[in-house]
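K.L.:
Structure incoming, see below.
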Amino acid sequence: MRIYKVGGAVRDRLLGKPVTDIDWVVVGATTEEMLAKGFRPVGADFPVFLHPKSGEEYALARTERKSGRGYGGFTFHASPEVTLEEDLIRRDLTINAMAEDDQQNLTDPYHGQRDLDARLLRHVSPAFAEDPLRVLRVARFAARYAELGFTVAPETLELMRELTESGELEALTAERSWKEISRALMEDQPQVFIQVLRDCDALKVLMPEVDALFGIPQPEAHHPEIDTGVHTLSVLEQAARHQQPLTVRWACLLHDLGKGLTPEEEWPRHIAHEHRGLKLIKAVNERFKAPKDCQELALLVGQYHTHGHRALELKPSTLLELLQSFDVYRRPQRFEEFIAACEMDARGRKGLEQRSYPQADYLRGAANAARSVAVQPLLEKGFKGPALGEAIKRERLKALKAYKGAASA
Ligand code: CTP
């Protein structure tokens, strides 16, 4: 049996990037031999094992044939006769299809190293089409390595487009898609992920609500970039530049979906886009079964981001409603994330990337003012039940009036 390091570990070592997990491929072995050496099988009919000590993945060299639609539609063929080259040819990208033995001798039959040097994400063979998730993977790698100058090879983009047109993307499960989307959003240049999906027409299938924003104008006075899709990409870019968490990045991507529904005769204005967008945000959330905190923040940011921008002009009663909607008393972190998303939205505009955003501190101050209202004195005065709730609200409103007064003095 011969054992090789494969995939990301080889790629990232050659790129000089840190290697986190290592995948191994085993040539010339049977399942029985692996079990005899103490490897633990990952699944019943999947030729992948975990090393008894390191826990790393060891896969028997295999060929894959697609036998049907979707991820279930695979048959694996693993046997001691399958060669390293046969295993590598079924992989997604040439830069992911290199192997290395324990002496660091490279096996690179599909010229991964050449493509690393040329900064190209290129598919290995037509077998690329056997897993439609690869459309998202390539877009994710493009986002990750954009700063190194990587781009998608034109013939690979074409194959991604064909795969999209064949309808295969619709067979992807929410879980597999979300895993790619969430990882891509956490890359340094997540806007590249969306751009590449758009370039191969996959965005139209995966998130038609986001795709629809391209070509929709906004008022130049607030949005020098004019195009709503371009703005969305810039907001996402800012979110990554400011190292925002996934929740904020997801909310940034979806915050303006309502602009896609504005009647054309109202362009470039988008009155009520906040409310109009909610059902679209909900649809995208559910399509990918996004985690609850991502779903919630995206909806709240969608509904209230313009409140954030107008924070300094809001009446105390409107400020209070905003704070109540966020339940800032029990969920302070979520409100911070809302503020961050608003700030990214304000900066994700051409030429305004460095602007200050005084709304952020103003909103924090307002939340503190409302939070500072103590409940105990009201209890002591004998308030209870709904009357207590009303009394707390009155006191908070008073605190916000004082806060606003002091801030504008
Ligand atoms: N692979 C593939 N097609 C997929 C998933 C994986 O061809 N849909 C192959 C690639 O050769 C890849 C290897 O399996 O390099 C390991 O996959 P994975 O661990 O998902 O990705 P990495 O390449 O290690 O990248 P990352 O750094 O994102 O984990």
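The values are calculated or read from the model by the stated rules, or taken from the named source; none is laboratory data. These figures come from a predicted structure and were not determined experimentally. With ideal geometry, Cβ positions are generated from the backbone for all residues, glycine too; neighbour counts draw on all protein chains shown. Keep in mind that these areas ignore ligands, DNA and RNA; they rest on the heavy atoms of the full protein, side chains included. Shrake-Rupley method; radii C 1.70, N 1.55, O 1.52, S 1.80 Å.
K.L.:
Positive end of the dipole of the chain, charges at C-beta (+1 Lys, Arg; -1 Asp, Glu), about the Cα centre: which of Gln191, Tyr357, His270 has its Cα farthest in that direction?
P.N.:
Most positive-ward Cα: Tyr357.
K.L.:
Please list, ordered by chain and number, the residues whose modelled amide H lies under 5 Å from the amide H of Val42; skip anything fewer than 5 residues away on the same chain.
P.N.:
Under 5 Å from the amide H of Val42: Val48, Phe49, Leu50.
K.L.:
Below 18 Å, Cα to Cα, which aspartates and glutamates can Lys404 reach? Residues fewer than 8 away in the same chain don't count.
P.N.:
Those aspartates and glutamates meeting the cut-off are Glu313, Glu321, Asp361, Glu395.
K.L.:
If one takes the longest principal axis of the Cα atoms in the chain, at what angle in degrees, from 0 to 90 and to the nearest 10, does the Cα axis of helix 154-165 lie?
P.N.:
Orientation of helix 154-165: about 70 degrees from the principal axis.
K.L.:
On to the next question. Work through the residues other than Arg355 whose Cβ is under 10 Å from its Cβ and net out their charges, Lys, Arg +1 and Asp, Glu -1.
P.N.:
Residues close to Arg355 contribute a combined charge of 0.
K.L.:
Just the accessible area per residue of the chain, please: how many Å² with a 1.4 Å probe?
P.N.:
Ligands and nucleic acids excluded, the result is 46 Å² per residue.
K.L.:
Summing +1 for each Lys or Arg and -1 for each Asp or Glu, what net charge is found among the other residues whose Cβ lies under 12 Å from the Cβ of Thr156?
P.N.:
The answer is -2.
K.L.:
Mind scanning Lys259/Lys350; Lys204/Lys259; Lys204/Lys282; Lys279/Lys315; Lys179/Lys282; Lys282/Lys398 and naming the pairs with a C-alpha gap bigger than 24 Å?
P.N.:
Lys279/Lys315; Lys282/Lys398
K.L.:
What does the charge count near Ile226 come to, summing +1 for each Lys or Arg and -1 for each Asp or Glu among other residues with Cβ under 9 Å from its Cβ?
P.N.:
-2
K.L.:
Right, next: If I take the Cα coordinates of the stretch 223-333 and project them onto the principal axes, what are the three extents in Å, biggest first?
P.N.:
41, 34, 28
K.L.:
From the Cα gyration tensor of the stretch 1-110, with a ≥ b ≥ c the square roots of its eigenvalues, which class applies: rounded if a/c is under 1.5, or else prolate if a/b is larger than b/c, or else oblate?
P.N.:
Oblate is the answer for the stretch 1-110, as a/c is 1.5 or above yet b/c matches or exceeds a/b.
K.L.:
Can you compute 3J(HN,Hα) from phi for each residue in the stretch 236-248, using the Karplus curve 6.51 cos²θ - 1.76 cosθ + 1.60 with θ = phi - 60°, rounded to whole Hz and x for Gly and Pro?
P.N.:
In residue order, the calculated couplings are 4, 4, 5, 4, 6, 4, 9, 6, 6, x, 3, 3, 5 Hz.
K.L.:
In whole percent, and with a 1.4 Å probe on the protein chains, what portion of the accessible area of the stretch 232-328 is carbon and sulfur?
P.N.:
Reported share for carbon and sulfur atoms: 53 percent.
K.L.:
Now for a separate question. Taking only Cα atoms and a 10 Å spring cutoff, compute GNM fluctuations for the chain and point out the largest among Thr151, Thr20, Thr228.
P.N.:
Judging by the Gaussian network model, the answer is Thr20.
K.L.:
On to the next question. If only Cα atoms are counted, what is the Rg of the chain, and what is its Dmax, in Å?
P.N.:
26.1, 84
K.L.:
Can you tell me the Rg and the Dmax, both Å, for the Cα atoms in the stretch 313-390?
P.N.:
Over the stretch 313-390's Cα set, Rg and Dmax evaluate to 16.0, 56 Å.
K.L.:
Moving on to the next point. For the chain, with only Lys/Arg (+1) and Asp/Glu (-1) charged at the beta-carbon, what is the dipole magnitude about the Cα centre, in debye rounded to 20?
P.N.:
I would put it at about 2080 debye.
K.L.:
I've got another one for you. So which lysines pass the test for Lys5, namely a Cα distance under 21 Å, with those fewer than 8 places away in the same chain ruled out?
P.N.:
List returned: Lys17, Lys37, Lys53.
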